[in-house]
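Peer 1: Let me give you the structure first, and then I'll get to my questions.
The values are calculated or read from the model by the stated rules, or taken from the named source; none is laboratory data. If you're wondering where the values come from, they're calculated on a predicted model, not measured in any experiment. No Cβ is skipped: glycine too gets one built from the backbone with ideal geometry, and neighbour counts run over all protein chains shown. Please note that ligands, DNA and RNA were not included when accessible areas were found on the heavy atoms of the full protein model with its side chains. Shrake-Rupley method; radii C 1.70, N 1.55, O 1.52, S 1.80 Å.
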Amino acid sequence: MGLSPAVAAIRVAVRRVLDELPAGSLVLAACSGGADSTALAAALAFEAPRSKHRLRAGAITIDHGLQAGSAERAESVAGLMRGLGLNPVEAVRVDVGTDGGPEAAARAARYAALDAAARQHRAAAVLLGHTLDDQAETVLLRLARGSGTRSIAGMAAASGPGGLYRRPLLAVPRQTTRKACADAGLPVWDDPHNADPAYARSRLRTEAMAVLETTLGPGIAEALARTAALARDDADALDSWAATAFADLAVRFGEGCVGLDVEELARLPVAVRGRVLRLAALSTGASAGALGAVHIAAIDALVADWHGQGRVSLPGGGTATREPGRCGRLYVRGAVAAG
């Protein structure tokens, strides 16, 4: 019997990513034991030593400690990874906090552990098992929150410092990963949280996507993934335009203070101007996580809706102010300069 088409599809997707990595480097698969990450890890174990750059392959599984028996489950997954020939393999227990809700807190703890593992083992990349269906769900969740172009662009194929995190399966349907595991005889663990209606993504996965398929016809996940790719192209172009505009307009005034010509800012399209203002705030010390659309809108009002209003307060103690007059200058100051 020949190679399963599902197994072949996963291997091809992984091979494309491995071909981009430095010769002899270590690649880690993040594996939960679910079908997506197990199929990914199996493909990595097969492809890495056969890749043109002769890569090494390992795995890490995260125990969030949120379910009874989670430690035993993590060790079982680690054992499966070792059985596939992956080395090194680690099962890491993390402490999940409460900031941002249970899903966000678990994600933060997970990525912190993956960051640490990548540093410890000097990994060139960490592969994540997000599929086309995950991408579609991400787009819908962000649309429901009223997010902008960058947010609905979904997950990037490469993210993190230096492109550490790679997602080879973003064009692969979830059903393909499950079929690949079945064809290869790999055990799969179905996390009960994935079907728990307490979580928005679970409700979307088990209820909303089915309704959309019934109402609008098949291919919804593929269409949403295409939307994400198009939005990412647009967002990349706008970000590049804004970076160039910021470099041209920004004038430094001592430590933590940037000045921008208001007339020049006003000539920019709103989508580009907002990005320039965000860059200005970040360059003076504002936290990316705390800097929201409401702050950017308030700064933008100093440019587009000027009527003598006072300074705008920014996260971390910074401010934005405008000089009086039509030809004034906008100043964005960090906490040090504003103090």
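Peer 1: Here are some values of semi-axes √(5λ) of the Cα gyration tensor in Å: (i) 43, 22, 20; (ii) 36, 22, 19; (iii) 56, 21, 19. Which one was computed from this structure?
Peer 2: For semi-axes √(5λ) of the Cα gyration tensor in Å, the calculated option is (i).
Peer 1: Let me ask something additional. At D234 and R82, where each label point lies 7 Å from the Cα along Cα→Cβ, what is the point-to-point distance in nanometres?
Peer 2: Going by the 7 Å Cα→Cβ label model, 5.0 nm.
Peer 1: While we're on this one: For the stretch 1-136, which whole percent of the accessible surface, found with a 1.4 angstrom probe, sits on carbon and sulfur atoms?
Peer 2: 50
Peer 1: Are there any trypsin sites (Lys or Arg not before Pro) in the stretch 118-214 that are in a DSSP loop and have at most 12 other Cβ atoms within 10 Å? List them by number.
Peer 2: Those that pass, being in a loop and sparsely packed, are R122, R145.
Peer 1: Do the sum for the chain: with -39,500 (n - 2.57) for every DSSP H run of n ≥ 4, divided by all residues, what is the mean residue ellipticity at 222 nm, to the nearest 500 deg cm²/dmol?
Peer 2: -15500 deg cm²/dmol
Peer 1: For the stretch 253-339, compute the orientation-averaged projected area of the C-alpha convex hull (one quarter of its surface), in nm².
Peer 2: 5.0
Peer 1: Which value, in Å², gives the accessible area per residue of the chain when a 1.4 Å probe is used on the protein heavy atoms?
Peer 2: For the chain, the per-residue accessible area is 49 Å².
Peer 1: Right, here's the next one. Roughly speaking, to the nearest percent, how much of the stretch 209-339's 1.4 Å accessible area is carbon and sulfur?
Peer 2: Details: 3910 of 6740 Å².
Carbon and sulfur atoms account for 58 percent of the accessible area of the stretch 209-339.
Peer 1: Another question about this same structure. Count neighbours as other Cβ atoms within 10 Å of each site's Cβ, and list the GluC sites (Glu not before Pro) in the stretch 176-256 that are DSSP loop with at most 12 such neighbours.
Peer 2: Passing sites in the stretch 176-256 are E255.
Peer 1: Hey, what angle do you get for helix 293-304 against the long axis of the chain, alpha-carbon based, 0 to 90 degrees rounded to 10?
Peer 2: It is inclined by approximately 30 degrees.
Peer 1: Work through the residues other than D248 whose Cβ is under 14 Å from its Cβ and net out their charges, Lys, Arg +1 and Asp, Glu -1.
Peer 2: Local net charge: +1.
Peer 1: Which angle from 0 to 90°, rounded to the nearest 10, does the C-alpha axis of helix 270-283 make with the longest principal axis of the chain?
Peer 2: 90
Peer 1: Oh, and also: Leaving ligands and nucleic acids out of the surface, order T321, T61 by accessible area at 1.4 Å, largest first.
Peer 2: T321, T61
Peer 1: What angle do you read, to the nearest 10 degrees and between 0 and 90, between the alpha-carbon axis of helix 35-47 and the longest principal axis of the chain?
Peer 2: Compared with the principal axis, the helix lies near 80 degrees.
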